[in-house]
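Following: one structure in structure tokens, then a few remarks.
The values are calculated or read from the model by the stated rules, or taken from the named source; none is laboratory data. Here the structure is a predicted model, which is why all the values come from computation and not from measurement. Virtual Cβ from ideal backbone geometry, glycine too; neighbours counted across all protein chains shown. Areas reflect the complete protein model, heavy atoms only, side chains present, ligands, DNA and RNA absent. Shrake-Rupley method; radii C 1.70, N 1.55, O 1.52, S 1.80 Å.
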Amino acid sequence: MATAVYTASRPSTGGRLASDTWTSMLRVLLNYRHSPGLLVASLAVPVLMVVVFGYVFGSAMQVPGGGDYREFLMPGLFAMVATNGIMPTMVGAARDVGRGVTDRLRSMPVSRAGLLLGQTLADLLVSVVVMALMALVGLAAGWRARHGLADTAEAFALLLLFRFVMTWVGTLLGLAVGKEEQAGQLAVAVFPLAMITNAYVPTGGMPGWLRAVADWNPISAVVQACRELFGNPSAPGAAWPMQHAALTALLWSAALLALCGPLAVRKFATHGR
């Protein structure tokens, strides 16, 4: 009888996943509440990016085929916000490992996937606010989404999907590194990855080998797809990823998520063993 009552009272696997995901998400969001400086920085950086790249550098930039540079730039800045999901999650995961938080969570009867999913979803909610603010600043600077509401919604959905994928990449790297200082140093390596793209300048002026790297960079596919969906100026070039940017961005996202998601959950579950 006792066994039957205990079994009936246990939450189902799906229920436990949902409950642990929600709890983990609240844990991350409360960290923003108790660290207002972190939230202010998350909101201020996009504004500074629009001002610096749009006005300081923009006066010296020309878009091949004509068009306003700020409209060319904004999809690239949106993609940079999505890509930057790697860094905070990597440092946060490494911090939890170093401080023993990961070991304490592993010792509890909780869903490993739910804990990590909650963290990534919390980051996604913050990203929605950041991208909304950046869009408002971009509109004030002259950027426009010219292909209608449906295409605009698709572009932002693609950006949020890529951000979601990048948080899983960052989580896996942070768990693998395991030390906050080393994770912070590794985060610097994300900068060259983000710069060798079409986000800030057209790739046509790059040396042939560097242009090939930039054209096949998943970030470039996201940027080009967003330019097409927003109806902003672009210089796609002849490379296959640039000619099929939306499909390429989805393929990259699916591949990275299929690889890094299960590996991150496994690394979290077996850490220290």
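Determine whether residue 140 is open to solvent by less than 40 Å² (accessible area, probe 1.4 Å), in a helix (DSSP H, G or I) and not β-branched (Val, Ile, Thr).
no
In segment 77-101, which residue that is small (Gly, Ala, Ser) and touching a Gly at 6+ places or on another chain (Cβ under 9 Å) is surrounded by the fewest Cβ atoms within 10 Å (Cβ to Cβ)?
First, the residues of segment 77-101 that are small (Gly, Ala, Ser): 79, 82, 85, 92-94, 98, 100.
If we keep only those that are touching a Gly at 6+ places or on another chain (Cβ under 9 Å) too, we end up with 85, 92-94, 98.
Values: 85: 26, 92: 21, 93: 29, 94: 27, 98: 17.
That would be 98.
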Quiz item: Residues in segment 179-191: is at least one in contact with a helix residue (DSSP H, G or I) (Cβ under 6 Å, 6 or more places away or on another chain) and free of Cβ contacts under 8 Å to residues at least 24 places away in the same chain?
Solution: no
Self-check item: Cβ pairs under 6 Å, 6+ apart, first in segment 225-241 and over 13 Å from residue 154 (Cβ atoms), second outside any helix (DSSP H, G or I)
Solution: 233/63; 233/67; 235/64; 235/202
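Among 202, 218, which is buried (at least 20 other Cβ atoms within 10 Å of the Cβ), touching a residue at least 12 places away in the same chain (Cβ under 8 Å) and under 16 Å from the mean Cα position of the chain (by Cα)?
Of 202, 218, the one residue that is buried (at least 20 other Cβ atoms within 10 Å of the Cβ), touching a residue at least 12 places away in the same chain (Cβ under 8 Å) and under 16 Å from the mean Cα position of the chain (by Cα) is 218.
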Quiz prompt | Extreme residue, surrounded by the fewest Cβ atoms within 10 Å (Cβ to Cβ), among residues of segment 164-197 that are farther than 20 Å from residue 96 by Cβ and touching a Ser or Thr at 6+ places or on another chain (Cβ under 8 Å) | solution = 193
Quiz prompt | Residue selected from segment 134-176 under the condition of a type in the set (Val, Ile, Thr) and within 12 Å of the chain's Cα centre (by Cα), by the criterion farthest from residue 218 (Cα to Cα) | solution = 171
Self-check item: First in segment 148-169 and within 18 Å of residue 247 (Cα to Cα), second anywhere and surrounded by fewer than 20 Cβ atoms within 10 Å (Cβ to Cβ) and among the hydrophobic types (A, V, I, L, M, F, W, C), Cβ under 6 Å, 6 or more apart
Solution: 164/124; 165/256; 165/257
Practice problem: Scan segment 51-76 residue by residue and report those that are surrounded by fewer than 23 Cβ atoms within 10 Å (Cβ to Cβ) and of a type in the set (A, V, I, L, M, F, W, C). | Solution: 51, 52, 53, 56, 57, 60, 61, 63
Quiz item: In segment 108-134, which residue that is without any contact (Cβ under 8 Å) to a residue 40 or more places away in the chain and over 24 Å from residue 173 (Cα atoms) is surrounded by the fewest Cβ atoms within 10 Å (Cβ to Cβ)?
Solution: 109
Quiz prompt | Matching option when the condition is modelled with pLDDT under 90, over 24 Å from residue 177 (Cα atoms) and either among the small types (Gly, Ala, Ser) or in contact with a His (Cβ under 8 Å, 6 or more places away or on another chain) (or both), among 208, 272, 231 | solution = 208
